[in-house]
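Visitor: What follows is a single structure, and I will ask about it in a moment.
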Amino acid sequence: MLAVVSNDRIHLDPRTLRGLAHPLRVRILTLLRDNGPSTATLLAQRLGLSSAATSYHLRQLSLYGFVADEPEQGTGRERWWHAVHRGTTVDRVDPESFGDFEIYLRAIAAEYAARMDRAISEMPTRPAPWAHVGTLSSWTRQLDPAETQAMLAELTEVIDRYRLADPDVADPEGTTRVHVQLQVLPVFDEVQPVIDEVQP
């Protein structure tokens, strides 16, 4: 597994995966990618932590190449940081890196769950045009590995056709950020899946 940067995404290797194997680092990196540059102090306020904690994790993210200084925004002792890449990909994991990979994936899963929770909480106060837009849905299919990969590739192609959210560009009128979360999860137990589809 090698770290490769392509199309503004970093493909993790064992070293860089180790740098993201911490829930707070995943959260900080997500905030920088979603909202643009920030300081340790502003991130600490948002996360309910001390600025010493966020500063430490920002330095660790910098050491592993995920964030960098934003010199144009810094004034005096205030240090601003930005995400170096727009996304992260893990293609294959070496057996010796699986512990770090599990920590990373659990942090990502917690972030996705938090996004869903925030979206549900915001439903009663959404602007009228957005009142019934979106879904929390689940479908179960019986697939082999090749079919699963083909389906994932097709779904990714569809998502890639739409406008990318960019914190450095003004939002076009009438738009808002839309999180598209995709989990393709093979199941190897005896529990029969429940098919459930809910439209908000």
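Read-outs throughout are calculated quantities, based only on the coordinates presented, and are distinct from any laboratory measurement. Small disclaimer: the values here were computed from a predicted structure and weren't measured. Cβ atoms come from the backbone with ideal geometry, glycine included; neighbour counts cover every protein chain shown.
Visitor: Residue farthest toward the positive end of the dipole of segment 1-118, with Cβ of Lys/Arg at +1 and Asp/Glu at -1: which of W81, L47, N35?
Guide: After comparing all options, I get L47.
Visitor: Would you mind calculating the relative contact order of the chain from Cα pairs under 8 angstrom and at least 6 residues apart, reporting the percent as a whole number?
Guide: Numbers: 200 pairs, mean separation 48.1, N = 200.
Taking the mean separation of contacting Cα pairs over the length of the chain, I get 24 percent.
Visitor: Now for a different question. If only Cα atoms are counted, what is the Rg of segment 127-200, and what is its Dmax, in Å?
Guide: When restricted to the Cα atoms of segment 127-200, Rg and Dmax are 16.3, 49 Å.
Visitor: Going by amide H atoms built from the backbone, whose H comes under 5 Å of the H on W80, apart from near neighbours?
Guide: Counting only residues 5 or more places away or on other chains, the set is E70, G74.
Visitor: If I compute semi-axes √(5λ) of the Cα gyration tensor in Å from the structure I just sent, which labelled value in [x] 25, 25, 14; [y] 30, 24, 17; [z] 38, 22, 14 lines up?
Guide: [y]
Visitor: If you count, for each residue, the other Cβ atoms within 10 Å and average over each peptide, how do 12-21, 97-106, 41-50 line up from highest to lowest?
Guide: On the way: 12-21: 19.3, 97-106: 16.8, 41-50: 14.9.
Per-residue Cβ counts within 10 Å, averaged per peptide and sorted highest first, yield 12-21, 97-106, 41-50.
Visitor: Also: Please identify the DSSP H helices in the chain that span no less than 15 Å along the helix axis (Cα) and have a mean Kyte-Doolittle hydropathy of -1.0 or more. Before the final figure, lay out each step's value.
Guide: Values: long enough: 23-35 (18 Å, 0.08); 51-63 (18 Å, -0.05); 98-122 (36 Å, 0.03); 145-160 (22 Å, 0.19).
Span-like helices here: 23-35, 51-63, 98-122, 145-160.
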